[in-house]
Amino acid sequence: MTDDPALDAEPLMDAEPLMDALCATITALSPELLELQRDLHAHPELSRGETRTTACLAQRLRAAGVDVRELEGTGLVADLGAESPAYRVALRADLDALPVAERTGLPWASTADGIAHACGHDVHVAVVLGAGLALKAHEEALRERGIAVRLVFQPAEEVIPGGAVDVIAEGGLTGVDAMFAVHCDPSLDVGTVGLREGPLTAAADRVSVHLAGQGGHTSRPHLTEDLVFALGKVITEVSTVLSRRLDPRTAFALVWGEVHAGQAANVIPASGTVAGTLRMVDATTWSTIGPLLAETVQQVVAPYAVTAVLEHLPGVPPVVNTPEAIEVLRRAATGTGLQPVGTPQSLGGEDFAWYLRQVPGAMARLGTRSPGGPTFDLHQGDLVIDQAAVACGARLLAGAVVAGAVKAAAEPRIAGW
């Protein structure tokens, strides 16, 4: 980029009419997109069980004349634009809901007991569908510019291994030059877009420790292998030991979310389990931490004579946004009436990271908070999304297709693009 904002904007000027047309089409589509988002919200489906969601999307895309290929199981990819493109961009949405009970009281609240779109994936789906339908409506303009678009509706983002691995294995990235996605951010006002170059999220793994030992009466702990006490040591000391063994710059966090042991207050149980997540910002340490974690667990429980079995399930690396892709998103945001703002790296995990290990691209944080309204949290049953966020996200991603193609044509040999 230059030091002159006017010069930086010049390559986008030729694309402004198409961006304006896409925004107008998305505005016209907004009632339908909101109806879809509310329908999906009312009918959430868990990971790799997104059958109804997939069918709804396939039907709507085929009705618009988009080429659809359903994936094995659930999810789909859809292609439009130039048949022999100079530039193909992929837009990704994740389909699955969470095993969380909804508490919003919305008219379109979940009708599935104990399942809710508490992470905003219903919004992601409506955003990518809206961008795709708008781009399809202006497909001739895309073909004239040599642009192709692939819509990726991915299953199972919320589990390990995530559905991104399945999409890649089924050729979902074949021929793709760049990839973009959004993720709901209830800490940002609707109309704003959080952008960050480099790592956006963290590596995230699932960790379980299963202990077994000689149980007995609580009046005679010396005749037992006091398993609950040993579990407590795992909970408090494993993370403490790791904090002295790992470089502090890895910014790791081992947090336990499940503890299971015993059924009576006066009985020392013979087995128990603690499970949680291990997160860190450094991808290199993440890829090598397994042996150290196993060693630490064994050392912590050794004084208590219990048997420990560690299950360490590697999850996802960090999402790393390429600078060029962030520039594209920034131009797309300003070109479609949105406000780009900086955003910090989080310790959340996202399997969009697997795509960005193979193609350049970026994930943006989509503001979903009503201005002046409450700040909700993700993965909570009371999450409420400002409905205007759907059109904002669709405008951003549709704009990114155009801005990315302009950049690719102007700078085809820049590193990482």
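A few remarks follow.
- Conditions (1) in contact (Cβ under 8 Å) with a residue 40 or more places away in the chain; (2) open to solvent by 20 Å² or more (accessible area, probe 1.4 Å); number of the one not met by residue 114: (1)
- Candidate set from the range 281-303 (those that are among the aliphatic types (A, V, I, L, M) and modelled with pLDDT of 95 or more); member that is most open to solvent (accessible area, probe 1.4 Å): 302
- Qualifying residue in the range 352-359 (condition: among the aliphatic types (A, V, I, L, M) and touching a His at 6+ places or on another chain (Cβ under 9 Å)): no
- Long-range neighbours under 8 Å by Cβ, at least six apart or interchain, first residue farther than 13 Å from residue 153 by Cα and open to solvent by less than 60 Å² (accessible area, probe 1.4 Å) within the range 48-75, second of a type in the set (Lys, Arg) and part of a helix (DSSP H, G or I): 64/136; 65/136; 66/136
- The residues of the range 233-258 that are over 26 Å from residue 201 (Cβ atoms) and open to solvent by 30 Å² or more (accessible area, probe 1.4 Å), listed by number, are 233, 236, 237.
- Restricted to the range 342-368, and to residues there that are in contact with a helix residue (DSSP H, G or I) (Cβ under 9 Å, 6 or more places away or on another chain) and assigned to a strand (DSSP E or B), the residue that is surrounded by the most Cβ atoms within 10 Å (Cβ to Cβ) is 361.
- Of all positions in the range 261-279, at least one carries a residue that is in contact (Cβ under 8 Å) with a residue 60 or more places away in the chain, closer than 21 Å to residue 348 by Cβ and of a type in the set (Val, Ile, Thr).
- Of everything listed in (1) in a loop (DSSP other than H, G, I, E, B); (2) hydrophobic (A, V, I, L, M, F, W, C); (3) open to solvent by 40 Å² or more (accessible area, probe 1.4 Å), the single unmet condition for residue 409 is (1).
- Residues of the range 19-38 that are within 21 Å of the chain's Cα centre (by Cα) and charged (D, E, K, R): 38 alone.
- Scoring residue 375 on the criteria (1) part of a loop (DSSP other than H, G, I, E, B); (2) under 19 Å from the mean Cα position of the chain (by Cα); (3) among the hydroxyl-bearing types (Ser, Thr, Tyr) leaves a single failure, condition (2).
- Selection within the range 178-194 - touching a helix residue (DSSP H, G or I) at 6+ places or on another chain (Cβ under 6 Å) and open to solvent by less than 10 Å² (accessible area, probe 1.4 Å): 178, 179, 180, 181, 182, 184, 193
- Evaluating residue 373 against the criteria (1) open to solvent by 50 Å² or more (accessible area, probe 1.4 Å); (2) free of Cβ contacts under 8 Å to residues at least 60 places away in the same chain; (3) under 24 Å from residue 27 (Cα atoms); (4) not hydroxyl-bearing (Ser, Thr, Tyr) leaves one unmet condition, (1).
- Some residue of the range 64-86 being over 22 Å from the mean Cα position of the chain (by Cα) and farther than 26 Å from residue 146 by Cα: no
- Applying the set (1) within 24 Å of residue 237 (Cβ to Cβ); (2) crowded, with 20+ Cβ neighbours inside 10 Å to residue 335 leaves exactly one unmet item: (1).
- Listed here are the strands (runs of 3 or more DSSP E) enclosed by the range 127-202 that have at least 3 residues being of a type outside the set (Lys, Arg), at pLDDT 95 or above and more than 25 Å from residue 73 (Cβ to Cβ): 178-189, 192-195.
Here's the yes/no breakdown for (1) of a type in the set (A, V, I, L, M); (2) without any contact (Cβ under 8 Å) to a residue 12 or more places away in the chain; (3) in contact with a Cys (Cβ under 9 Å, 6 or more places away or on another chain):
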| site | (1), (2), (3) |
| --- | --- |
| 178 | yes, no, no |
| 183 | no, no, yes |
| 194 | no, no, no |
| 207 | yes, no, no |
| 231 | yes, no, no |
| 242 | yes, no, no |
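- Yes/no for residue 197 being of a type in the set (D, E, K, R) and in contact with an Asp or Glu (Cβ under 8 Å, 6 or more places away or on another chain): no
The values are calculated or read from the model by the stated rules, or taken from the named source; none is laboratory data. Remember, it's a predicted structure, so these values are computed and weren't measured experimentally. Glycine gets a Cβ as well: all are built from the backbone with ideal geometry, and neighbour counts include every protein chain shown. We work out accessible area using only protein heavy atoms, side chains counted, and drop any ligands, DNA or RNA first. Shrake-Rupley method; radii C 1.70, N 1.55, O 1.52, S 1.80 Å.
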